[in-house]
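What follows draws every value from the coordinates through simple rules; no lab data is involved. Note that the coordinates shown come from a computational prediction; the quantities given were computed from them, not determined experimentally. Don't worry about glycine lacking a Cβ; one is built from the backbone with ideal geometry, like all the others, and counts go over all protein chains shown.
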Amino acid sequence: MSRQILVALGAGALFGLGLAVSGMTDPLRILGFLDVTGAFDPSLLFVLGGAVATTALLFRFVLRAPRPRLADQFHLSDSQRIDTRLLGGAALFGIGWGLAGYCPGPALVGLGYGAHEVLWFVPAMLVGMAVHRGWERQAQRASST
């Protein structure tokens, strides 16, 4: 197995462990955060705040390197546009997150410990990803002709 795959696996495992330890794999905690007029649970705010603070402190430092340690170059989007595609995707993600209490990371962690709710969420997520990929391919074919 390549070094890149092992590092990615380790990073994913660490991320999953962090989600599990912080309780962010519990959909009721997420739904509690989104329920601002009821039983509001602010704990997700601290997790998000920690992620934003870490990124704000380290992102520019990491990008000062000539290249990543395990890749030939950084792969960053140069898009600065806020368009209907971005807003629609964000809205769809938020609606799904609000309805299910899961987003992809915690759902995959939930698979690891046998949470029964993810048995319908993960297949639906994979179908959504496949539909999106099909739309993207169709759009690329249409634009190239």
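Taking 0.36 nm per residue of separation and subtracting the Cα-Cα distance, what length does fully extending LEU92 through LEU57 add?
Answer, rounded to one decimal: 9.7 nm.
Among SER2, THR55, GLY88, which residue has its Cα positioned farthest towards the positive end of the charge dipole of the chain, with +1 placed on the Cβ of Lys and Arg, -1 on the Cβ of Asp and Glu, and the dipole taken about the Cα centre?
Final value for the positive-end residue is SER2.
Taking the Kirkwood radius as the inverse of the mean 1/r across Cα pairs, report the Rg/Rh of segment 47-90.
So for segment 47-90, dividing Rg by the Kirkwood Rh gives 1.07.
Give the Rg (one decimal place) followed by the Dmax (whole number) of segment 9-65, computed from C-alpha coordinates and expressed in Å.
Just the Cα atoms of segment 9-65 yield Rg and Dmax of 14.2, 46 Å.
For Kirkwood radius over Cα pairs in Å, several values are listed as (i) 18.1; (ii) 16.1; (iii) 15.6; flag the one computed from this structure.
Correct label is (i).
Using only helices, what value at 222 nm comes out for the chain when you add -39,500 (n - 2.57) per DSSP H run of length 4 or more and divide by the total residues, to the nearest 500 deg cm²/dmol?
-23500 deg cm²/dmol
Cβ neighbours within 10 Å, averaged per peptide: list 25-34, 64-73 in order, most packed at the top.
25-34, 64-73
Could you give me the ³J(HN,Hα) list for segment 7-13, computed from phi with Karplus coefficients 6.51, -1.76, 1.60 and θ = phi - 60°, whole Hz, x at Gly and Pro?
Residue by residue, segment 7-13 yields 5, 4, 4, x, 5, x, 5 Hz.
Using alpha carbon centroids, what distance separates segment 22-97 and segment 117-145, in Å?
Distance between centres, Cα-based: 21 Å.
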